[in-house]
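Here is the structure we will look at, set down as structure tokens.
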Amino acid sequence: MSDASPDPASVWERWYMHVDRWFPHGSLALCAALAAVTPGPVATRATTVAIALGAAIWVAAMHTTARPPRSDHPVHGWVYFAGLLLFAVLLMRREMVFFVFAITGFLHAAVLRPRWTVFLGTGASSFAILFVTWGGIPRDVGSAVGFVLVFLVQTFVIGLGLFSSEKMFEVDRARQKMVRDLEATLAENEGLHAQLLEQAREAGMLDERRRMAREIHDTLAQGLTGIIMQLEAADHNRADEASRRRHLDRAGDLARTSLAEARRSVQALGPGLLDRGRLPDALEQVAADWADLHGVPVGPAFAGPCTSLPLPVEVGLLRVVQEALANVAKHARASRVEVALTCDGDDVRLRVADDGVGFVADPAGPAGYGLTSMRQRVAELGGTCEVAPSPDGGTVVEVVVPLSAAADQSWTVAASDA
């Protein structure tokens with residue numbers, strides 16, 4: 001049996017491999033030493049020792065030091081085994097003590113391929129030992145029957161043992177390989193798990209940065225814009241103390257509201273407007289405050305509940321309306337704005353339209369952060385957001401969020417000029 005397993009699976013296999021490798025050399029050394037001190041002509045003893053040395057070189061070159069793939073080739077195994085039996089027979093015919101070395105044939109029959117030919121190898125080894133030790137095939141019936149019985153028993157028992165051992169070693173090697181593969185897979189999975197955790201951490205940090213950026217834009221940035229507009233209006237109305245005071249008061253209110261919303265954003269809380277009611281109430285309040293602040297009516301005014309929307313949907317749609325109204329105030333120069341919310345069972349639809357100057361859509365051009373923020377919010381809800389010029393002039397923001405469990409109702413919110 002060649003050393004085919006670099007890492008044996010059991011103590012028994014390691015022990016067997018040592019015996020398989022070193023038994024022929026040990027038995028040759030012992031038998032050669034006994035032959036060298038056996039009475040007889042010096043030339044005869046020297047020849048026997050020389051043949052034993054040749055046998056040791058043959059075993060060392062063809063088996064002990066042989067490695068795959070050469071040692072695994074079927075022809076290599078048969079050539080080695082034939083030479084081994086030839087040396088064993090030559091040595092036994094010179095000195096019977098070398099039958100100990102001939103036992104190597106039983107062990108090394110395992111090198112033969114295909115696997116079942118191990119029985120041919122053990123049979124050949126058994127026949128060679130019996131033939132030499134019995135002085136040939138017996139001629140009387142009783143001895144001949146004994147010869148055949150011993151030959152068959154040795155061949156079958158030893159061959160079966162070798163065959164079973166080889167199968168057991170194959171199972172052990174397969175099990176060992178499976179364990180190594182499992183360990184490698186576990187190690188790889190640990191690496192992937194650590195990588196996924198790191199990616200999840202980075203994704204969480206990125207999501208939090210995006211959330212804070214949107215919240216800052218929707219609260220502080222819009223609030224600061226409104227404060228600047230009120231302060232500029234107050235500066236333009238220095239002669240009218242009442243008007244100037246009104247603009248300053250509005251700037252102060254905006255500052256306090258923006259500060260409160262900023263604190264809620266840092267704490268990852270929803271808008272304060274949703275603490276006091278559902279989305280329709282919040283939208284009505286936003287529309288009224290915006291109309292009062294900018295002097296632009298928001299209508300028409302229809303009321304009706306849009307019930308039981310999930311809180312993330314309400315927050316997202318509220319922020320979209322706030323951003324859309326902020327864009328109207330900054331860019332549209334509109335005289336009228338309409339905010340409509342519709343629930344039709346499977347979808348929630350939001351529409352913000354103005355009659356302002358509109359714009360020319362450029363799909364290839366960069367979008368402002370406000371539009372990008374709106375689209376990101378809606379995308380996170382699984383919806384779509386379209387911002388396009390209105391055929392009648394102005395701009396329309398259309399948002400659709402799928403909600404299969406939503407009720408089949410509609411609601412439109414508006415507020416008139418204060």
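A short reminder: the numbers here are calculations on the coordinates, not readings from a lab. Quick caveat, the model's predicted, so the values are computed rather than measured. Methodologically, a virtual Cβ is constructed for each residue, glycine included, from the backbone with ideal geometry; neighbour enumeration extends over all protein chains shown.
The table below lists the values:
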item: Rg to Rh quotient for the range 125-204, alpha carbon positions, Kirkwood Rh; result: 1.63
item: Per-peptide average of other Cβ atoms within 10 Å, ordering 132-145, 68-81, 114-127 highest first; result: 114-127, 68-81, 132-145
item: Burial order of peptide ranges 94-104, 232-242 (average beta-carbon count within 10 Å, highest first); result: 94-104, 232-242
item: Gyration tensor over alpha-carbon atoms, the range 49-132, equivalent ellipsoid semi-axes in Å; result: 21, 16, 8
item: Reduced Cα scattering model of the range 46-87, Debye log10 I(q)/I(0), q = 0.19, 0.34 Å⁻¹; result: -0.55, -1.15
item: Ordering of 287-297, 163-173 by burial proxy (mean other Cβ atoms within 10 Å per residue, highest first); result: 287-297, 163-173
item: Phi to ³J(HN,Hα) by Karplus 6.51 cos²θ - 1.76 cosθ + 1.60 over the range 60-69, Hz, x for Gly, Pro; result: 5, 6, 8, 10, 4, 9, 6, 9, x, x
item: Volume in Å³ per residue [convex hull over Cα atoms, computed for the range 1-150]; result: 122 Å³
